[in-house]
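Asker: Take this structure first; my questions come after.
The values are calculated or read from the model by the stated rules, or taken from the named source; none is laboratory data. This one's a predicted model, so the numbers in the text were calculated from it and none came from an experiment. Here Cβ is always computed from backbone atoms with ideal geometry, including for glycine, and neighbour counts include all displayed protein chains.
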Amino acid sequence: MVDPRAWSGLVRGRHDRFDELHVRALIGSAGQSFASPFQVLASDGRRYFVKALGGCQEFARGSLAVEYVVAEAGRLIGAPVCESSLIRIPEIFADWPMPFGKLQPGIAHASAAIEHAVESRPALQHRMQDDNRRRQVGLYALYDWCFGDDPQWLHDVGDDRSVYSHDHGLYLPPHDGSIRAALLRQCVDEPNELTDPADGLDPEAARRVSEALERIDRDALVKVVRGVPASWPVTDDDLEALGWFLEHRAPAVATRVRALI
């Protein structure tokens, strides 16, 4: 049992000081899905799908923080999430039209493009290809731990259909692209398991992921939630509740992951 008061004051001093990656060119127009992702060429020479504040309806602009936190949490337990990063949008691209406003200079969220990817939803597929027996264990864990919704999977056709979890903007209660402390507290002890049959999953992967969840370190979670840029519309108090939610929830999710085998 983790006392929520242990997180009081841990998420302070957020900022927008990020310059490791920036948009060099826009590729095409913004899509028409929930957060209107668009492709860019970035300063590292790679292509990314970017989600920015102007691509979301106002009530759902916290979905950028959800995307960021879920991807970073996934990396803590070795779940197969797409490579992602914050990304800076320079002034030169200001006022580019977006479905719910205009592109704003500042920080957005970027997910590295997989050159030959196909999407599947909602059922998990191709378990016996590549090392998906192992990778899919991480998907069960992340979906439960971060209270997933709208499950979406990418398969890298160029790598024997290895699977990735992506598009996490509707994870976390209330599944509407926002982060709300009251609902996190309400749902913290509720299981949120994928309903896909667990036949054929790798037992050793289940052990490793369960142990990673049991070793979750508060300092690591603080670093994740404090990494949400200050300009994104989510409060420090809500991020403290989210950090507590993930810390409190991890042991029970570890138990459920072990029970998959």
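Asker: Could you check how many residues of the stretch 177-201 are under 19 Å from Val225 (Cβ atoms) and charged (D, E, K, R)?
Answerer: Count: 2.
Asker: If you don't mind, there's one more thing I want to ask. Report the residue count in the stretch 134-183 for those that are within 15 Å of Ala65 (Cβ to Cβ), in contact with a Pro (Cβ under 7 Å, 6 or more places away or on another chain) and surrounded by 22 or more Cβ atoms within 10 Å (Cβ to Cβ). Walk me through how you get there before you give the answer.
Answerer: Within the stretch 134-183, the subset within 15 Å of Ala65 (Cβ to Cβ) is 146-147, 167-181, 183.
Next cut, in contact with a Pro (Cβ under 7 Å, 6 or more places away or on another chain) only: 147, 180, 183.
Now restrict to residues that are surrounded by 22 or more Cβ atoms within 10 Å (Cβ to Cβ): 147.
Within the stretch 134-183, residues that are within 15 Å of Ala65 (Cβ to Cβ), in contact with a Pro (Cβ under 7 Å, 6 or more places away or on another chain) and surrounded by 22 or more Cβ atoms within 10 Å (Cβ to Cβ) number 1.
Asker: Let me ask something additional. What strands (runs of 3 or more DSSP E), lying completely within the stretch 45-119, carry at least 2 residues that are under 16 Å from Ala230 (Cα atoms) and more than 17 Å from the chain's Cα centre (by Cα)? Don't jump to the end; show me each part of the working.
Answerer: On the way: elements: 47-51, 84-89, 106-112.
Hits in the stretch 45-119: 84-89.
Asker: To continue, here is another question. Check whether at least one residue in the stretch 185-194 is closer than 15 Å to Val137 by Cα and not acidic (Asp, Glu), and report yes or no.
Answerer: The answer is yes, given that some residue of the stretch 185-194 is closer than 15 Å to Val137 by Cα and not acidic (Asp, Glu).
Asker: If you check Arg226 against the conditions, is it under 19 Å from Glu72 (Cα atoms) and modelled with pLDDT of 95 or more? Full working, then the answer.
Answerer: Details: under 19 Å from Glu72 (Cα atoms): yes; modelled with pLDDT of 95 or more: yes.
Judged against the criteria, Arg226 is a match.
Asker: Exactly one condition in (1) basic (Lys, Arg); (2) without any contact (Cβ under 8 Å) to a residue 24 or more places away in the chain; (3) within 21 Å of Arg127 (Cβ to Cβ) is false for Arg215; which is it?
Answerer: All conditions pass for Arg215, except number (3).
Asker: Another one. State all residues of the stretch 7-55 that are among the aliphatic types (A, V, I, L, M) and within 28 Å of Asp149 (Cα to Cα); if no residue qualifies, say none. Talk me through it step by step, then tell me what you get.
Answerer: At the first step, the residues of the stretch 7-55 found to be among the aliphatic types (A, V, I, L, M) are 10-11, 21, 23, 25-27, 30, 35, 40-42, 50, 52-53.
Within the stretch 7-55, Leu10, Val11, Ala30, Ala35, Val40, Val50, Ala52, Leu53 meet the criteria.
Asker: Of everything in the stretch 120-160, what is over 18 Å from the mean Cα position of the chain (by Cα) and either among the small types (Gly, Ala, Ser) or assigned to a strand (DSSP E or B) (or both)? Give them in sequence order.
Answerer: Ala123, Asp156, Gly158
Asker: Scan the stretch 210-254 for residues that are more than 30 Å from Pro105 (Cβ to Cβ) and not hydrophobic (A, V, I, L, M, F, W, C) and jot them down.
Answerer: Those that are more than 30 Å from Pro105 (Cβ to Cβ) and not hydrophobic (A, V, I, L, M, F, W, C): Ser210, Glu211, Glu214, Arg215, Asp217, Arg218, Asp219, Glu247, His248, Arg249, Pro251.
Asker: Is it true that some residue in the stretch 221-243 is farther than 24 Å from Ala52 by Cα and either touching a residue at least 60 places away in the same chain (Cβ under 8 Å) or aliphatic (A, V, I, L, M) (or both)? Lay out the reasoning, then the answer.
Answerer: Start the filter on the stretch 221-243 by keeping residues that are farther than 24 Å from Ala52 by Cα, which leaves none.
No, because not a single residue in the stretch 221-243 is farther than 24 Å from Ala52 by Cα and either touching a residue at least 60 places away in the same chain (Cβ under 8 Å) or aliphatic (A, V, I, L, M) (or both).
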